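Quick notes on the structure that follows.
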């Protein structure tokens, strides 16, 4: 279900070597749903420093601009000045590449507004600087000298070019019309510029209008308009030019395709021999990373990543990611001076026999663990979870202490845990817990009374307002969320089923989709969802099988994977994880003291046993929980029988494992049960 008003922002990290998108979190601005605010955001912009995001909240009469700071690990936070209410219905945003101004377009009021930005990126009161007939889209050249505006009015459309005032006199950011407006198509959809600002392209239905940009205005490129180049009867979406200025790509909404062109010296586009390229349903938004290696396309419900062949311009799909909700309206790509780095930081293990939590720091270069002091927990702690920003940790205490089952909260400072407030009551027999993707709510399963409880997470990390939100199948022992942040799944160990739930906004309550999907085995104990949000895998403890499922897009329901509904793996599967690249699955066997390695077929999600190298790794006694660090290099295995942790280096070429060091690392406690790993994205 979509959040109220449909306004949410999902953030992803970009893996440098493959361009893969890794889901980080999502954000729903508070206070929405009232005041005439309806529908998805029509305008989004990002400051050139990459730390401030601006979101236009649509409105019948008074639009809002939300200013969000991009915090640690991609977590978005509202600034003190957000939101800003505007006395008009602005419908779009454009960011000055020099970071001095933010422009908004009011399609119905026919005006362009300019916001001067302070040193922190906060917008001031807007000034109306232009009056037009029906402005819809904006673009600014890379030097920040000119603003271009699509002005509908009566067909044909017009393209206005304005000089931006950067002098110390007059209104800062004010616009002065340059030359005569250029004639466009009858239904102009969007526009883009070459990186050097020499050519402007406007996309209208199935045609491309091309213009030379000079200091005196716009003149059509010879041959413009280029009609029929986007297919017959097509509705063009957004376009983008690669950083070298050699290739132009256009999202063709009506054909579920991306059309590619080479750009000649005159600016004329020529179709690539391999064009068009397949896309998802109703592709609209398109971006190219600063290196020119990858192209990102937002379809109606998912985002596709393509590799770009710099010699031919051909695009090849490399990965697909589900996104939150239905109807992506904007896609932005932040760029910086260097690629993102993913650094493992700390690891936490619950010890159910000694009633405490072990804490370790991780050496990023080797994956080795350095132990810290033990931290007290409740009685028989099992599940442990950490928020995305790495500031807070939570533990499910499975046995009753002082007559009340509880969850404990901890603050994290430099990787060290410290209790945060008193433990909060929950249902009977809590075993596992998971935060939602935004860090707004915490959910836990209670094995004894077969319930799922929900807690609010406040700004200080404390849990409040715990209450049963759903009834699970018999004896739920594990709970996890999907990468889009919309769905929760529970492993119901006695019922041999998987529970399915959608998270309802704005309160975070759960809607039960099903409490009885067959786990395809006996004694489901753990669930792992692949990073794309397309597939789920269930470890069955009692018969040693691994269930394989496809997640239905748009509903979150699990469907048994067609090629292989389940795999016979070992004797008693206790845990299953998918490493961050989404290529490999690792499964622990509690009885055989082994970890099995499988490769995912990305087209259908079924698994193939890795036969290259050593596909089976030996663990300590009684492996119960697995975790992969944020860099995707190391796999950690918690062993309940030998009270220790085995560390493995992951071979990302073939998915096999090599033990780090010559011995396992003691937890310092007894009967370890749960594991959580933190890291940073910079």
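Odds and ends about this structure:
- In the set 621, 658, only one residue is farther than 21 Å from residue 18 by Cβ and in a strand (DSSP E or B); that residue is 658.
- Pairs meeting the criteria (first residue in region 3-18 and at pLDDT below 65, second residue assigned to a strand (DSSP E or B), beta carbons under 9 Å, at least 6 apart or on different chains) are 3/26; 5/57.
- Residue in region 610-619 that is closer than 21 Å to residue 347 by Cβ and either within 28 Å of the chain's Cα centre (by Cα) or surrounded by fewer than 17 Cβ atoms within 10 Å (Cβ to Cβ) (or both) present: yes
- Only one entry of 260, 254 meets the criterion of being at pLDDT 95 or above and under 28 Å from the mean Cα position of the chain (by Cα), and that entry is 260.
- Pick from region 208-223, criterion at negative phi, part of a loop (DSSP other than H, G, I, E, B) and in contact (Cβ under 8 Å) with a residue 40 or more places away in the chain, ranking: surrounded by the fewest Cβ atoms within 10 Å (Cβ to Cβ): 222
- When residues of region 592-609 are limited to those that are surrounded by fewer than 21 Cβ atoms within 10 Å (Cβ to Cβ) and part of a strand (DSSP E or B), the one farthest from the chain's Cα centre (by Cα): 594
- Close pairs (6 angstrom Cβ cut-off, 6 or more residues apart or separate chains): touching a residue at least 40 places away in the same chain (Cβ under 8 Å) and on the phi < 0 side of the Ramachandran plot in region 159-182, part of a loop (DSSP other than H, G, I, E, B) and surrounded by 15 or more Cβ atoms within 10 Å (Cβ to Cβ) anywhere: 159/184; 161/178; 174/165
- Residues of region 663-682 that turn out to be part of a loop (DSSP other than H, G, I, E, B) and farther than 21 Å from residue 597 by Cβ, as a count: 7
- Per the conditions (1) in contact with a strand residue (DSSP E or B) (Cβ under 8 Å, 6 or more places away or on another chain); (2) farther than 21 Å from residue 392 by Cβ; (3) modelled with pLDDT of 95 or more, the sole criterion not satisfied by residue 494 is (1).
- Among the residues of region 635-655, those identified as in a strand (DSSP E or B) and either more than 25 Å from residue 382 (Cα to Cα) or more than 26 Å from the chain's Cα centre (by Cα) (or both) are 637, 638, 639, 644, 645, 646, 647, 648, 649, 650.
- Those strands (runs of 3 or more DSSP E) of region 523-591 in which at least 2 residues are at pLDDT 95 or above and more than 21 Å from the chain's Cα centre (by Cα), considering only elements entirely within it, cover 524-529, 535-540, 545-551, 573-578, 584-589.
- Residue-level analysis places residue 298 among those that are within 16 Å of the chain's Cα centre (by Cα), crowded, with 22+ Cβ neighbours inside 10 Å and either over 30 Å from residue 393 (Cβ atoms) or modelled with pLDDT of 95 or more (or both).
- Taken over region 111-148, the criterion of being at pLDDT below 95 and closer than 13 Å to residue 189 by Cα is satisfied by 134, 135, 136, 137, 138.
- Residue 323 being buried (at least 20 other Cβ atoms within 10 Å of the Cβ), touching a residue at least 12 places away in the same chain (Cβ under 8 Å) and either out of contact with any strand residue (DSSP E or B) (no Cβ under 9 Å at 6 or more places or on another chain) or over 29 Å from residue 671 (Cα atoms) (or both): yes
- Scanning region 236-255 for residues that are out of contact with any strand residue (DSSP E or B) (no Cβ under 7 Å at 6 or more places or on another chain) and either over 15 Å from residue 192 (Cα atoms) or assigned to a strand (DSSP E or B) (or both) turns up 254, 255.
- Residues that are surrounded by fewer than 20 Cβ atoms within 10 Å (Cβ to Cβ) and either free of Cβ contacts under 8 Å to residues at least 24 places away in the same chain or in a loop (DSSP other than H, G, I, E, B) (or both), drawn from region 183-203: 186, 187, 195, 196, 197, 198
- Residues that are crowded, with 20+ Cβ neighbours inside 10 Å and modelled with pLDDT of 95 or more, drawn from region 230-250: 239, 240, 241, 242, 247, 248, 249, 250
The values are calculated or read from the model by the stated rules, or taken from the named source; none is laboratory data. Remember, it's a predicted structure, so these values are computed and weren't measured experimentally. Note that we place each Cβ from the backbone using ideal geometry, even for glycine, and neighbour counts take in every protein chain shown.
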